[in-house]
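A short write-up of the structure that comes next.
The values are calculated or read from the model by the stated rules, or taken from the named source; none is laboratory data. These numbers come from a predicted model, not from an experiment. For accessibility, only protein heavy atoms count, side chains too; no ligands or nucleic acids. Shrake-Rupley method; radii C 1.70, N 1.55, O 1.52, S 1.80 Å.
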Amino acid sequence: MAVLRESPWYEEILQEGEIRGKAEGIISSIRTSLEAKFGNEALELMPQISQVNDLERLQNILRTVVLANNFEELRQSFL
């Protein structure tokens, strides 16, 4: 097991898993925020949002959801 931990691939896999976990957490927050603020209709954006893997982009999307005044404004930001 010690040999495995010393492997550069092991570290890469751990980092990738950590990033994926953070992305899934942000995506979950986006889904909850969309539904709470704009209702089920807003969930139509989730397939597009779920394809994003960049953490900074996901954080920007969450910020946009929180700051949007209405669903149409939010939808326009995704076009």
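Worth a mention:
- Alpha carbon convex hull of the chain, projected area averaged over orientations, nm²: 6.0 nm²
- Were the residues from Gln59 through Lys37 laid out at 0.36 nm apart, the gain over their Cα-Cα distance would be 6.2 nm.
- In the context of the full set of protein chains, the chain has a per residue accessible area of 72 Å² (1.4 Å probe).
- Atom-type composition of the exposed protein surface of the chain places 52 percent of the accessible area on carbon and sulfur (1.4 angstrom probe).
- Relative to the longest principal axis of the Cα atoms of the chain, the long axis of helix 55-67 lies at roughly 20 degrees.
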